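Step one of this worksheet: look at the structure below.
The values are calculated or read from the model by the stated rules, or taken from the named source; none is laboratory data. Small disclaimer: the values here were computed from a predicted structure and weren't measured. So basically every Cβ, Gly included, is an ideal-geometry build from the backbone, and we count neighbours across all protein chains shown.
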C-alpha cells in the first residue's frame with residue numbers, strides 16, 4: 001500500500017473538476033477551506049480493504065493529524081508515519097522497525113502539497129447530490145488506470161460543512177479501499193511532540209539519511 005495515496009487523498013478534492021451545477025461550487029469552496037493546507041486537520045477513521053481475488057475483507061482503524069509545513073502524523077493499524085517537515089519516520093510495530101529518512105527524499109507524490117496540485121488534476125469527477133444532505137463525487141476510468149494505480153474513486157462529502165465522510169478507492173486489481181471518517185476537526189492545536197517520533201526501546205532503527 002503506497003503511503004500517502006491512501007490517507008492524504010482526502011485532502012486533494014480541491015483539485016477535482018466537476019460539471020458546473022448550482023450549489024456544487026459552494027461545496028467545493030467549503031472543501032477548499034477545510035483541506036487546502038492552511039488549516040490543521042485532526043481526524044479518526046476506519047479503513048477496510050476488500051481483496052477481490054481472495055474475497056476477503058481486512059479492517060483497521062487510524063488517526064490523522066496534519067499541520068501546515070508538511071507536518072503530519074498518521075497512525076494506521078500497527079503502522080505510524082510521522083513528519084516534522086525535515087525528517088520522516090516510518091514505524092512498523094509488527095516488524096519492530098523504524099526507518100528514518102530526510103523528508104526531501106520522500107516520493108513527492110505521497111505528500112499533501114504535491115497531492116493537492118497534481119494527484120487528481122487529470123480526472124474529471126461527476127457530482128451527484130444526495131437526499132441526506134451530502135454530495136457524492138465519483139470518477140471512473142472505464143477500466144483505465146492512471147499513474148496512482150486507481151481506476152475508480154468515490155467520495156461522499158457533507159454538503160453544508162464540506163467535511164469528507166467516506167472515501168472509496170478501487171485499484172487496478174479491483175481491490176476496494178474504503179475510508180470512513182468518524183471524526184474530523186480543524187484548527188485544533190497539536191502537542192509539541194506530535195510531529196516527532198521516538199523509537200520504542202528494543203526497536204531496530206534504520207537511519208537512511210545522508211551522513
Task: Count - residues of the stretch 179-202 that are modelled with pLDDT under 90 and either in a strand (DSSP E or B) or crowded, with 19+ Cβ neighbours inside 10 Å (or both) - done: 1
Task: Verdict on residue 168 being exposed (fewer than 15 other Cβ atoms within 10 Å of the Cβ) and either without any contact (Cβ under 8 Å) to a residue 40 or more places away in the chain or within 17 Å of the chain's Cα centre (by Cα) (or both) - done: no
- [ ] Could you please find all residues in the stretch 130-145 being modelled with pLDDT of 90 or more, assigned to a loop (DSSP other than H, G, I, E, B) and touching a strand residue (DSSP E or B) at 6+ places or on another chain (Cβ under 8 Å)?
- [x] 130, 133
Open item on the list: I'd like to know if the stretch 77-87 contains one or more residues that are touching a strand residue (DSSP E or B) at 6+ places or on another chain (Cβ under 7 Å), touching a residue at least 60 places away in the same chain (Cβ under 8 Å), surrounded by 20 or more Cβ atoms within 10 Å (Cβ to Cβ) and closer than 19 Å to residue 169 by Cβ.
Closed with: yes
Open item on the list: Being over 17 Å from the mean Cα position of the chain (by Cα) and modelled with pLDDT under 90 narrows it down to one residue among 174, 105, 148; which is it?
Closed with: 105
TODO: Return the residue satisfying two criteria in turn: it lies in the stretch 68-79 and is more than 13 Å from the chain's Cα centre (by Cα) and modelled with pLDDT of 85 or more, and of such residues it is nearest to residue 198 (Cα to Cα).
DONE: 79
